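Before any comments, here is the structure.
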Amino acid sequence: MTLHINEAEVRSLFNMELALECVEEISRKQSTGEVVVHARRRFELPHGGFFHYMAAADDTSGHVAMKQYTYVRGQLKFLVPLYDMATGDLLAQIEADYLGQLRTGAASGVATKYLAREDARTAAIIGTGGQARAQLEAVAAVRKLVSARVYGRDPGRRDIFAKEMSERLGIPVDAPASPAAAVRGADIVCTATTSASPVVCGADLAVGTHVNAIGANHAHKRELDDEAIARAGAIFVDSIEPSRQEAGDLILGFQGDEIPGRTSDSQITLFKSNGIASWDLASAVKIFALAKEQGLGRPLPLWQRTL
């Protein structure tokens, strides 16, 4: 029987700590070839908007998942179907807006854990939406932040963000009036915007900064200017093939080699995240297991035999 798990239930079951564990574990499996990732595909809808889909399979856990979502009239709607690899059964249909925010934030958290300086204590967040909140929460989970700054185009939204996240994390979060003011001097910078043109300039990055860029997942979009890319001593991506297609910040020659992480405290490091279905898969497996344990979700009578 397929289990329908709604957004409210996902919020009650899943948190950043679990998301970080899921993303780190599935990333290790991906690096050893145990996980297959199919890049995002999208097509335009005839009355405006887009349909997007991507998929992943984990040979060791025996699960397959897709992420499907629409963007119509300014609204995003996300769904993750989870399948049992051995039986072909559809185990769950999971509403996945919050899931997506946490898994994307967690990916930046894992990148920050391994790439940011050990003594990194200040963060700058460009963007004020749900994804931006998850970015700051994840970074704060892997580094002992003493302060943060946020910039967004809407002064009211950035003030609300600063107040909410300061209360949630127990650190001062300021809201300067420009992205440059937010970025200058920050040890960790996260961009989570829908901008088609750069919002972070390389000239504003301090020596030794780690950057997580998650917003631009179209070839014609970018959040970082040429100097920001050029100053990065080491660049990492979540998956090579999707980055060839979608990383507007990086459309250049990808080698796909294994390289060491940060090699010095003065090095600028960059994690370019496009978002991949393996993170959704790992999160969905965890959410499904917790829902079953706690008796949450509703059965969907799919493929029942009729007498």
- Note on the structure: With criteria (1) open to solvent by 50 Å² or more (accessible area, probe 1.4 Å); (2) of a type in the set (Gly, Ala, Ser); (3) under 20 Å from the mean Cα position of the chain (by Cα), residue 27 comes up short on (1)
- Query: Name the pairs: first residue in the range 277-304 and crowded, with 21+ Cβ neighbours inside 10 Å, second residue of a type in the set (S, T, N, Q) and in a helix (DSSP H, G or I), Cβ to Cβ under 7 Å, at least 6 apart or on different chains?
  - Reply: 278/30
- Of those in the range 116-145 that are charged (D, E, K, R) and under 15 Å from the mean Cα position of the chain (by Cα), the residue farthest from residue 76 (Cα to Cα) is 137
- Task: Identify, from the list 206, 162, 148, the residue that is closer than 26 Å to residue 76 by Cβ and without any contact (Cβ under 8 Å) to a residue 24 or more places away in the chain.
- Result: 162
- Answer with yes or no whether residue 203 is open to solvent by less than 10 Å² (accessible area, probe 1.4 Å), at pLDDT 90 or above and farther than 20 Å from residue 154 by Cα. no
- Among residues of the range 40-93, those that are of a type in the set (Lys, Arg) and open to solvent by less than 40 Å² (accessible area, probe 1.4 Å), counted: 2
- Query: Restricted to the range 1-24, and to residues that are aliphatic (A, V, I, L, M), outside any strand (DSSP E or B) and at pLDDT 95 or above, which residue is surrounded by the fewest Cβ atoms within 10 Å (Cβ to Cβ)?
  - Reply: 8
- Task: Can you confirm whether the range 53-64 contains a residue that is in a helix (DSSP H, G or I), touching a helix residue (DSSP H, G or I) at 6+ places or on another chain (Cβ under 7 Å), of a type in the set (D, E, K, R) and in contact (Cβ under 8 Å) with a residue 40 or more places away in the chain?
- Result: no
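The values are calculated or read from the model by the stated rules, or taken from the named source; none is laboratory data. Remember, it's a predicted structure, so these values are computed and weren't measured experimentally. As a convention, Cβ positions derive from the backbone with ideal geometry for all residues, glycine included, and neighbour counts pool all protein chains shown. The protein model used for the area step is the full one, side chains on, heavy atoms only, and it has no ligands, DNA or RNA in it. Shrake-Rupley method; radii C 1.70, N 1.55, O 1.52, S 1.80 Å.
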